[in-house]
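*Asks:* Got a structure here, written out as structure tokens. Questions coming.
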Amino acid sequence: MEQRLQKLIASAGLCSRRTAESWIEAGRVTVNGVTASLGCSADPERDAIAVDGKSLPRPQQRHYLMLNKPRGYVCTLADERGRPTVAELVADCGARVVPVGRLDLNSEGMLLFTDDGAWMQRILHPKHEVNKIYRVSVAGDVRGAAEKLTSLTAIDGESIHPAQVETLRTGRETAELSITIHEGKNRQIRRMCAAVGLHVRRLKRVAEHTLTLGDLPVGKWRYLTAQEVAKFNES
């Protein structure tokens, strides 16, 4: 798959993208023996890319997985209390991957795994504002629940960015909400709901940035496609 040269050079660990751009402009980069120009793309599997005449190292193969986490599993590689872990569910993936973020013991849904530390940090760092969408079933006084949750700017004295909340279904004392956040503070949605007098009965992550859980069975995992990873990174 073709990518911009500066990205390929940076991914190979030679320098930053900005420095790679200066190398390209200085004529230090060639593709198939031809001096490259800024804006050029290449396929590392097909093209011979060189910097100062030295072949570009091939990037290490990385792994990107999506798991539909069941309730009752902890998001850790090993648990000192002997509880089931999400690592057990992806143990057959053929690589040592770690969960990207967390879902608490009683939460379920989309959980990403990778062995790409830079990709993981891009998702987790608040400055990138990667949206995560949850379907949340709540009980209590559900009148105006969406409005109450949307207006929250702090929980337990801790500042939070306002969430996007949509009411999917409502009854006399129960409701199903779609809640979108990008911070992912510890047990954030449960704490938000508690702050407005609501009890969370079920919490499921159904989407993250450009990825959706879809019909992936509970407890099963799949690899992300190259197109999904590329779209995620470009958005």
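*Asks:* Give me the strands (runs of 3 or more DSSP E) completely within segment 1-90, filtered to those with at least 1 residues that are in contact (Cβ under 8 Å) with a residue 24 or more places away in the chain and farther than 30 Å from residue 218 by Cβ, ordered by residue number.
*Replies:* Details: elements: 29-31, 49-51, 64-69.
Correct list: 29-31, 49-51.
*Asks:* Determine which single condition residue 216 fails, assuming it passes every other condition in (1) outside the structural domain of residue 85 (by TED's automatic domain parsing); (2) surrounded by 14 or more Cβ atoms within 10 Å (Cβ to Cβ).
*Replies:* Here residue 216 clears every test but (1).
*Asks:* Regarding segment 184-200, can at least one residue be identified that is assigned to a strand (DSSP E or B), at pLDDT 95 or above and either under 27 Å from residue 67 (Cα atoms) or in the same structural domain as residue 7 (by TED's automatic domain parsing) (or both)?
*Replies:* In the first step, residues of segment 184-200 are kept if they are assigned to a strand (DSSP E or B); the result is 198-200.
Adding the requirement that they be at pLDDT 95 or above leaves 198-200.
After this cut, where a residue has to be either under 27 Å from residue 67 (Cα atoms) or in the same structural domain as residue 7 (by TED's automatic domain parsing) (or both) as well, the list is 199-200.
Yes, that holds for at least one residue.
*Asks:* Same structure again: Which numbered condition in (1) at pLDDT below 95; (2) touching a Gly at 6+ places or on another chain (Cβ under 8 Å); (3) basic (Lys, Arg) is the only one that residue 122 fails?
*Replies:* (2)
*Asks:* Name the one entry in 44, 70 that is in contact with a Pro (Cβ under 7 Å, 6 or more places away or on another chain) and surrounded by fewer than 19 Cβ atoms within 10 Å (Cβ to Cβ). Spell out how you get there, then give the answer.
*Replies:* Details: 70 fails: in contact with a Pro (Cβ under 7 Å, 6 or more places away or on another chain).
Only one candidate passes the filter, namely 44.
*Asks:* If you go through segment 189-200 one residue at a time, do you hit one that is touching a residue at least 24 places away in the same chain (Cβ under 8 Å), buried (at least 19 other Cβ atoms within 10 Å of the Cβ), on the phi < 0 side of the Ramachandran plot and under 15 Å from the mean Cα position of the chain (by Cα)?
*Replies:* no
*Asks:* Let me ask something else. Restricting attention to segment 48-58, which residues are crowded, with 17+ Cβ neighbours inside 10 Å and farther than 14 Å from residue 26 by Cα? Step through it out loud before you land on a result.
*Replies:* Initially, segment 48-58 is screened for residues crowded, with 17+ Cβ neighbours inside 10 Å, giving 49, 51, 56.
Within segment 48-58, 49, 56 qualify.
*Asks:* Only one of these conditions is not met by residue 147: (1) surrounded by fewer than 16 Cβ atoms within 10 Å (Cβ to Cβ); (2) at pLDDT 95 or above; (3) under 26 Å from residue 228 (Cα atoms); (4) not polar (S, T, N, Q). Which number is it?
*Replies:* (3)
*Asks:* Give me the pairs, please: first residue somewhere in segment 134-150 and part of a helix (DSSP H, G or I), second residue anywhere and among the acidic types (Asp, Glu), beta-carbon distance under 8 Å, and either six or more positions apart or on two chains.
*Replies:* 146/166
*Asks:* From the set of residues in segment 97-144 that are among the hydroxyl-bearing types (Ser, Thr, Tyr) and under 28 Å from residue 201 (Cα atoms), which is surrounded by the fewest Cβ atoms within 10 Å (Cβ to Cβ)? Working first, answer last.
*Replies:* As a first pass, look at segment 97-144 and keep what is among the hydroxyl-bearing types (Ser, Thr, Tyr): 107, 114, 134, 137.
So of that shortlist, the ones also under 28 Å from residue 201 (Cα atoms) come out as 107, 134, 137.
Values: 107: 23, 134: 24, 137: 16.
Ranking the qualifying residues of segment 97-144, first place goes to 137.
The values are calculated or read from the model by the stated rules, or taken from the named source; none is laboratory data. A quick note: this is a predicted structure, and the numbers were derived from the prediction, not measured. Using ideal geometry, Cβ is built from the backbone for each residue, glycine included, and neighbour counts are taken over all protein chains shown.
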